1. Taking the range 58-108 as the region of interest, how many residues are loosely packed, with under 12 Cβ neighbours inside 10 Å, closer than 17 Å to L34 by Cβ and modelled with pLDDT of 90 or more?
2. Anything in the range 23-52 that is under 21 Å from F98 (Cα atoms) and at pLDDT 90 or above? List them, or say none.
3. All but one of (1) of a type outside the set (S, T, N, Q); (2) part of a helix (DSSP H, G or I); (3) modelled with pLDDT under 95 hold for E3; which doesn't?
4. Among the residues of the range 56-75, write down those that are in contact (Cβ under 8 Å) with a residue 24 or more places away in the chain and on the phi < 0 side of the Ramachandran plot.
Amino acid sequence: MPEGDPLHATLVAVLKQLNQAETRHEGDAPEQALELGEVEERLADFWAVRSGAARVSQALGLLLKNGMVRATQGAEYSWQRQREVRIRYQITAAGKQFLLDALENSDRVG
């Protein structure tokens with residue numbers, strides 16, 4: 001099992017997923033954000049989530065509270081999701097900075 005704080009690691013993992021969604025769907029605003037279930041599905045095998053040490057919903061809540069993620073409500077139909085989209089989460093500039101800082105710190109040798 002990787003070392004470190006499981007909640008912090010989950011925060012970073014969630015931000016990575018949201019950043020990837022934004023990058024992958026650049027210019028297509030509805031698809032640049034992910035629903036809770038989509039993030040949970042993507043992180044189901046992540047060590048901290050799999051072991052029960054952290055929950056994706058808890059991480060998203062903390063990120064939202066701290067302005068690193070924004071929530072959008074939508075009632076439009078998503079062709080990719082083949083259903084109506086409810087609440088979606090998208091990374092903010094503050095979230096990108098936190099992610100960048102976390103990745104830079106993890107690359108440093110102690």
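1. The qualifying residues number 0.
2. Result: L34, E35, L36, V39, E40, R42, L43, F46, W47, A48, V49.
3. (2)
4. Taking the range 56-75 and keeping what is in contact (Cβ under 8 Å) with a residue 24 or more places away in the chain, we get 56, 58-60, 62-64, 66-69, 72, 74.
V56, Q58, A59, L60, L62, L63, L64, N66, M68, V69, T72, G74, listed by residue number.
The values are calculated or read from the model by the stated rules, or taken from the named source; none is laboratory data. Keep in mind that what you see is a predicted model, and the values were worked out from it rather than measured. Positions of Cβ are generated from backbone atoms using ideal geometry, with glycine treated the same way; all protein chains shown enter the neighbour counts.
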